[in-house]
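Worksheet: one structure, shown below.
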Amino acid sequence: MKNTFGNSVAITLFGESHGNAIGAVLDGMPAGIPVDEDFIARQMSLRKSVGAISTARKEADEVKIVSGVFNGKTTGTPITFIIENQDTRSRDYGELAYKARPGHADFTANVKYGGSQDFRGGGHFSGRITAGIVAAGAVAISALKAHGITIGTHILSCGGVYDREFQDIQADIGFLDGREFAVLDTSAEEKMKEAIMAAKADGDSVGGILETAVFGMPAGVGEPWFDTIESVLSHALFSIPAVKGVEFGAGFKFAEMRGSQANDPFRSIDNKVTTSTNNCGGILGGITNGMPVTFRCAVKPTPSIYKEQQTVDLTNRKNTTLQIQGRHDPAIVHRARVVVDSITALTLLDQLVLRYGNINN
């Protein structure tokens, strides 16, 4: 099982949903970068379950940093983040030792690990493991922000309800900073929550689309072909369990355009090369062009639903049914937003260190 992503700056995830603890190790962070534990706590709060639109599982998600930080700054050695699991109810998962939940990794994990995997709450495949990404990502977000690079993600759609798209990207990112329910048009919030609650009332769930923008990325970062900015970001984003689609800039809308509409005209403003539109999403030839990097992620509905579903008994390969018990989210798109911000920051920080050698240079 490979659990590490990144080259110069790499994150390794560990733990299981119902184990003693989960967490992350962040290796390769340059020395001397400030670590704000209050900011880490704030970021962790954005991933927590909130109210009736989230799971009833309540975790404190207090992050303990046990290495790599001294006197409030990185030392240059691996940073280890540990987050204890405190509100587990493993009895809810007894039946799942042999009945595969539709939409989950139960079957594929059973095949790969021969039944030795921890099946409780999804084990190592659970979205709970993303808490380590958020803890480590908070350090990366702070490091990027110190260099004028900011990241913002909003819920473009949820349950068929749409928010407006990014307009003034720098201002919109500032508006989203710290918002518990990340929408740009606040009138969309209640409608989305109503759609989530309607699905919950039916014992069901809804998905959505997250739209992300990165402001301040310098031109010239990334590689052609196999390590393009699109490919490394996609690699990271698809590691988030619920993400099933990623598109950059105009994305699939390119298929409906002519070249004259799709191309972004170059302009020089105050001796700086820019483009008058940004259909390419800030990336050309796999390399950043100095415009905001923009992309969208499709987030599938939470697979844990309370409706009876068809499945297979893995002990005898006979068809059967399953009705999931326990505590589950009717939607996770609002909680996934900070995970997208975090994995984006970790990926871009790694790319910047690869390009320049040290983010502090």
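The set of residues from region 116-155 being surrounded by 24 or more Cβ atoms within 10 Å (Cβ to Cβ) and more than 25 Å from PHE39 (Cβ to Cβ) comprises PHE119, GLY121, GLY122.
Let's see how each residue does on (1) surrounded by 16 or more Cβ atoms within 10 Å (Cβ to Cβ); (2) touching a residue at least 12 places away in the same chain (Cβ under 8 Å); (3) touching a helix residue (DSSP H, G or I) at 6+ places or on another chain (Cβ under 8 Å):
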position: ILE283; (1), (2), (3): yes, yes, yes
position: PRO292; (1), (2), (3): yes, yes, yes
position: THR302; (1), (2), (3): yes, yes, no
position: ILE305; (1), (2), (3): yes, yes, no
position: ARG317; (1), (2), (3): no, no, no
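Mind checking whether some residue in region 320-335 is among the charged types (D, E, K, R), more than 17 Å from HIS104 (Cβ to Cβ), touching a residue at least 40 places away in the same chain (Cβ under 8 Å) and outside any strand (DSSP E or B)? Among the residues of region 320-335, at least one is among the charged types (D, E, K, R), more than 17 Å from HIS104 (Cβ to Cβ), touching a residue at least 40 places away in the same chain (Cβ under 8 Å) and outside any strand (DSSP E or B), which makes the answer yes. Among the residues of region 47-64, those that are crowded, with 18+ Cβ neighbours inside 10 Å, at pLDDT below 95 and not in a loop (DSSP other than H, G, I, E, B) comprise ARG47, ILE53. Listed by first and then second residue, the pairs linking a residue in region 4-21 that is touching a residue at least 40 places away in the same chain (Cβ under 8 Å) and closer than 19 Å to ALA109 by Cβ to a residue that is buried (at least 18 other Cβ atoms within 10 Å of the Cβ) and acidic (Asp, Glu), with Cβ atoms under 6 Å apart and 6 or more places separating them unless they lie on different chains, are GLU16/ASP118.
A search for C-beta distances below 8 Å between a residue of region 205-229 that is in contact (Cβ under 8 Å) with a residue 40 or more places away in the chain and within 30 Å of MET192 (Cβ to Cβ) and any residue that is surrounded by 24 or more Cβ atoms within 10 Å (Cβ to Cβ) and among the basic types (Lys, Arg), counting only pairs 6+ apart in sequence or on different chains, returns LEU210/ARG337.
Quick check on region 5-16. Is at least one of its residues touching a Phe, Trp or Tyr at 6+ places or on another chain (Cβ under 7 Å), at pLDDT 90 or above and more than 30 Å from GLU194 (Cα to Cα)? Yes; the residues of region 5-16 include at least one that is touching a Phe, Trp or Tyr at 6+ places or on another chain (Cβ under 7 Å), at pLDDT 90 or above and more than 30 Å from GLU194 (Cα to Cα).
The values are calculated or read from the model by the stated rules, or taken from the named source; none is laboratory data. This structure is a prediction, so every number in the text was calculated from the model and none was measured. Glycine gets a Cβ as well: all are built from the backbone with ideal geometry, and neighbour counts include every protein chain shown.
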